[in-house]
């Protein structure tokens, strides 16, 4: 699985270069919008891959197994792309003004302070990635409710960002992503129940 992790990083690097270069090479009429949308799309692709892999990890696999390492890389690359996306949004949409970000959130959701939920999302994801890299054994043995609570919160935010507040292809892609992850979750649960019963 080490080679799979290497491939995931190489593919991500190439995709990120493509995502960042495409609007420039295509002489985009809305450079900022393209960069913001395309970085979040790449982040979501790696988010889905990371979560999909995590669903099938056994307790001993989180810290050092090949599949666990691949899941950690996908999760980390999703987070890194999301951080780039946030930077792009603050640069192109808000001119690095937090007040403007609050105003924009108010316009979109009618709850300007909802921006702090986004900040919490970023903080929790950052802490989760850091913990998985810095203390993989502790991460692997943490109480299951911590991971469940984190992923439920993150899924709620991602669902709202891709399905509730988006339209067109992004909404459909979000629905497909959640349907696939839901099917994988059911399959993983059934596999774990079969293992316990055997």
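Being surrounded by 15 or more Cβ atoms within 10 Å (Cβ to Cβ) and under 24 Å from residue 57 (Cβ atoms) is true for just one of 143, 136. Which residue is that? One residue alone meets the criteria, 136.
Take the range 16-51 and flag every residue that is surrounded by fewer than 18 Cβ atoms within 10 Å (Cβ to Cβ) and in contact with a helix residue (DSSP H, G or I) (Cβ under 6 Å, 6 or more places away or on another chain). Across the range 16-51, the qualifying residues are 28, 31, 32.
Does residue 58 satisfy being more than 28 Å from residue 142 (Cα to Cα) and modelled with pLDDT under 95? Before the answer, list the steps.
Values: more than 28 Å from residue 142 (Cα to Cα): no; modelled with pLDDT under 95: yes.
Answer is no for this residue.
Out of the residues in the range 104-121 that are within 27 Å of residue 28 (Cβ to Cβ) and surrounded by 14 or more Cβ atoms within 10 Å (Cβ to Cβ), which is modelled with the highest pLDDT? Step through it out loud before you land on a result.
Initial filter on the range 104-121 (within 27 Å of residue 28 (Cβ to Cβ)): 104-105, 107-109, 115, 118.
From what's left, surrounded by 14 or more Cβ atoms within 10 Å (Cβ to Cβ): 104-105, 109, 115, 118.
Values: 104: 87, 105: 86, 109: 81, 115: 91, 118: 94.
Looking at residues that are within 27 Å of residue 28 (Cβ to Cβ) and surrounded by 14 or more Cβ atoms within 10 Å (Cβ to Cβ), I get 118.
The values are calculated or read from the model by the stated rules, or taken from the named source; none is laboratory data. On a predicted model such as this, the values are computed, not experimentally measured, just so you know. As a convention, Cβ positions derive from the backbone with ideal geometry for all residues, glycine included, and neighbour counts pool all protein chains shown.
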